[in-house]
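The block underneath contains the structure these notes are about, expressed in structure tokens.
The values are calculated or read from the model by the stated rules, or taken from the named source; none is laboratory data. What you are looking at is a predicted structure, and each value in this text was computed from that prediction instead of being measured. All Cβ positions, glycine included, derive from the backbone under ideal geometry; neighbour counts span all protein chains shown. Calculation scope for accessible area: heavy atoms of the full protein, side chains included, ligands and nucleic acids excluded. Shrake-Rupley method; radii C 1.70, N 1.55, O 1.52, S 1.80 Å.
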Amino acid sequence: MQSLRYLYRIGRGPSSSHTMGPLAAAERFLKEYPSADAYRVILYGSLAKTGRGHMTDFILKETFGERELDIVLDCDTPTDFHPNTMDIIAFNGGEETARVRYYSVGGGEILAEGEQFAEHDEVYHLNSFSQISRYCREKDIRIWQYVEECEGKEIWDYLSEVWDVMQNAIKEGLEAQGILHGGIGIQRKARYLYRQKHIDESEETKTNRLICAYAYAVSEQNASGGQIVTAPTCGACGVVPAVLKFLQTKRNFTREQILHALATAGVVGNLIKTNASISGAECGCQAEIGTACSMAAAAAAELYELDLDQIEYSAEMSIEHHLGLTCDPILGLVQIPCIERNAIAAMRALNAVNLADFLADSRMISFDMIVETMYETGKDLKVIYRETSEGGLAKQFKK
């Protein structure tokens, strides 16, 4: 598996696959072919069908700057390797001089056609939870210690930066007001949720309100193109920060403990990314929000210092109960149902941990099994339910 640096990416929303990925592809192409007279970008599959709502065209125009650029949305050509496919073409004197096909494979990661993840990027040589769990038991270490062993102590500096960006997204999101761009007329709700207190508010209601406020804050920042951290994607970026912020505030966990939790969550996300997918265009929203919920549950379990079985059950349960979740963003915007789903998943993550605390000894489904199941389920979903905005809520919604 790759470094957690490839999972937790700091960048601008609203979509890791539709903005961060195309941005990385464009920058890479321009570095290799900087002096062309003109450029053309052809977007296929999900990139074409929801590119405008996901601001793909905006980020490409911004990246190419003053250069002549033609953007083509090809919604008809089949995408065999990955639904997030794009061609970038360079022209000189009206003649095509270079063409590269890129795949935006989720979480901001890109691959050029024929390319595989470089071997030197692989820093984790165990690729299943069962293998990692066995290794940690044999060495009597926790998952975060395994991360340090594989990545080196410098990983804590990076995760510290990640946590700072997450906290800043919460802070800015809780202060921001107004209507989110895109034309639906979605009012920001994080500030309202955070400040709407009642005299007789129960502890349970307060817990849910605050967790939702934090999740909304980050998700609304993402929807407005603000700086966030993929965890594992932009569309699901509010879940992990919300759970960590709530628990830190409630239980006074130290910064070091939070970073250990982020490391544990990162391993869970990495396993899903390696053995299945974190791309909504490939496997539906179960791959994004389901993975985020699983990561958040594992992080919370680490904060409570639960054992490996309890961490695994928390993470497994969170994926299991998102199986089959479709990705059907209205108008291709990362707003409905995306923002609300982040809040629901954050609350569900804590519920999973509470249940795992009691019932881990009786579990019958492994984390590795549920990841494989999620991948198969995602592949079986009709294309209209995989980030194309052609089915589900996106089809039914009439403004």
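For the chain, the relative contact order is 19 percent, taking Cα pairs closer than 8 Å that sit 6 or more residues apart in sequence and dividing their mean separation by the residue count.
In this structure, Gln116 and Asp164 have a Cβ-Cβ separation that, at R0 = 30 Å, corresponds to a calculated FRET efficiency of about 0.35. The charge dipole of the chain, taken about its Cα centre with unit charges on the Cβ atoms of Lys, Arg (+1), Asp and Glu (-1) only, comes to about 1520 debye. Put simply, the Cα atoms of segment 22-107 extend 31, 23, 20 Å along their principal axes, the longest span coming first.
Since only Met166, Ile211, Leu7 are under comparison, the one whose Cα sits farthest along the positive direction of the charge dipole of the chain, derived from C-beta charges on Lys, Arg, Asp and Glu, is Ile211. Counting only protein heavy atoms and a 1.4 Å probe, the chain has 42 square angstrom of accessible area per residue. If the reach is capped at under 13 angstrom between alpha carbons, list the aspartates and glutamates near Lys189, excluding any in the same chain fewer than eight residues apart. Lys189 reaches Glu172, Glu175, Glu220, Glu340.
Computed over the Cα atoms of the chain, pair by distinct pair, the Kirkwood hydrodynamic radius stands at 21.2 angstrom. Remark: segment 245-399 carries a charge dipole of roughly 860 debye about the Cα centre, counting +1 on each Lys and Arg Cβ and -1 on each Asp and Glu Cβ. With semi-axes defined as the square roots of five times the eigenvalues of the C-alpha gyration tensor, the equivalent ellipsoid of segment 276-317 measures 23, 9, 6 Å, largest first.
Computed from the Cβ-Cβ distance with R0 of 41 Å, the FRET efficiency linking Asp74 to Ile199 stands at 0.10. Taken along the Cα-to-beta-carbon direction at a fixed 7 Å, the label points for Glu62 and Leu359 span 4.4 nm. Candidates Met317, Ala292, Ile339 compared by Cα position along the dipole of segment 276-342: farthest toward the positive end lies Ile339, with charges placed on Cβ.
For chymotrypsin sites (Phe, Trp or Tyr not before Pro), the sites in segment 348-399 that DSSP calls loop and that have at most 16 other Cβ atoms within 10 Å are Phe397. The order of the peptides 132-138, 310-316 by mean Cβ neighbours within 10 Å, most packed first, is 310-316, 132-138.
Can you give me the Cα centroid spacing of segment 280-353 and segment 37-94 in angstrom? Segment 280-353 and segment 37-94 have Cα centres spaced 30 Å from each other. Could you tell me the calculated FRET efficiency between Gln396 and Glu27, based on Cβ-Cβ distance and R0 = 51 angstrom, to the nearest 0.05? Plugging the Cβ-Cβ distance into 1/(1 + (r/R0)^6) gives 0.85. Residue ranges 29-39, 320-330 sort as 320-330, 29-39 when ordered by packing (mean number of other C-beta atoms within 10 Å per residue, highest first). The calculated P(r) of segment 242-346, using every Cα pair and 10 Å bins from 0, goes 16, 44, 30, 9, 0 in percent.
Measuring from each cysteine beta-carbon in the chain, the ones with no other cysteine beta-carbon under 4.7 angstrom are Cys75, Cys136, Cys150, Cys212, Cys234, Cys237, Cys283, Cys293, Cys338. Principal axis analysis of the Cα atoms in segment 10-54 yields extents of 30, 25, 12 Å, listed in decreasing size. If each DSSP helix of 4+ residues adds -39,500 (n - 2.57) and the sum is divided by the residues in the chain, what number results at 222 nm, nearest 500 deg cm²/dmol? Helix-only estimate at 222 nm: -16000 deg cm²/dmol.
The GluC sites (Glu not before Pro) of segment 48-135 that meet both conditions, a loop assignment by DSSP and at most 14 other Cβ atoms within 10 Å of the site Cβ, are Glu66, Glu113, Glu115. When the Gaussian network model of the chain links Cα atoms closer than 10 Å, the mean-square fluctuations of Ala296, Ala349, Ala90 top out at Ala90.
Of all beta bridges DSSP finds with both residues in the chain, what is the antiparallel percent, to the nearest 5? If I count the DSSP bridges inside the chain, around 75 percent turn out antiparallel.
When Rg and the Kirkwood Rh are both derived from Cα coordinates, the Rg/Rh ratio for segment 91-248 amounts to 1.10. Subtracting the Cα-Cα distance of Gln187 and Thr249 from 0.36 nm times their residue separation leaves 19.7 nm of extension gain.
Between the alpha-carbon centres of segment 6-35 and segment 218-273 there is a gap of 21 Å. About the centre of its Cα atoms, segment 100-236 shows a dipole size close to 800 debye [charges on the beta carbon of Lys, Arg (+1) and Asp, Glu (-1) only; nearest 20 debye]. Taking a ≥ b ≥ c as the square roots of the eigenvalues of the alpha-carbon gyration tensor, segment 59-168 is classed prolate because a/c is 1.5 or more and a/b outweighs b/c. Residue-wise HN-Hα couplings along segment 326-341, as the Karplus relation 6.51 cos²θ - 1.76 cosθ + 1.60 with θ = phi - 60° gives them from phi, are 7, 10, 9, x, 5, 6, x, 8, 8, 9, 10, x, 4, 4, 4, 4 Hz; Gly and Pro carry x. Under a Gaussian network description of the chain, with springs only between Cα atoms under 10 Å, the residue in Ile42, Ile143, Ile199 that fluctuates furthest is Ile199.
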